[in-house]
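Participant: Attaching a single structure in structure tokens format; questions to follow.
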Amino acid sequence: MDSPRLTSSSGGVPAEPGAAAGLGSGQPQAGEEAMRWVEPDILAELEAELEGPELALGFARDYASLWDQRFSRLAAAVHTEDRPIALDAVISLRIASTMVGGIRLSVLAQALEDAIRRSDFVQGQALLATLAEHGVRTVSELQASYILKND
């Protein structure tokens, strides 16, 4: 039986998305401190590099507004096993996520990139649900903790 095709991060995420991929869902376990989805120190560094918050805020807004489009392109390429497009999409996602402080998402994107480089699209497809969840949570925290506070 074919698995359902993920084309958007706005639905269809399994209850335990990381189980098949060997990654956690990002929920803190007993005794763990809740981790941030976005590291504010990285956003502060971006502001400093861009000599002010205006460009950094614009980048963060663009990142958030493009999330569904980026994820859809990546998911489609992984499902069709289009290695060049999948690599382009995942590298773009990884770098942009790092720039906005989405380190957890960036690390997961690196794992997906590694699978794509090995042409392991079964593993790549298994990582997509967790990537979707991490992406939605990263964008949500970015909007709440940075974009809305600086608009």
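The values are calculated or read from the model by the stated rules, or taken from the named source; none is laboratory data. Note that the coordinates shown come from a computational prediction; the quantities given were computed from them, not determined experimentally. Methodologically, a virtual Cβ is constructed for each residue, glycine included, from the backbone with ideal geometry; neighbour enumeration extends over all protein chains shown. For accessibility, only protein heavy atoms count, side chains too; no ligands or nucleic acids. Shrake-Rupley method; radii C 1.70, N 1.55, O 1.52, S 1.80 Å.
Participant: When Gln29 is evaluated against the numbered criteria (1) open to solvent by 100 Å² or more (accessible area, probe 1.4 Å); (2) at pLDDT 95 or above, which criterion, by number, is the only one it fails?
Facilitator: (2)
Participant: Among the residues of region 88-95, is there at least one that is among the small types (Gly, Ala, Ser) and in contact (Cβ under 8 Å) with a residue 24 or more places away in the chain? So that I can check it myself, show each step before the final result.
Facilitator: Within region 88-95, the subset among the small types (Gly, Ala, Ser) is 89, 92.
Next cut, in contact (Cβ under 8 Å) with a residue 24 or more places away in the chain only: none.
No, the conditions are met nowhere in region 88-95.
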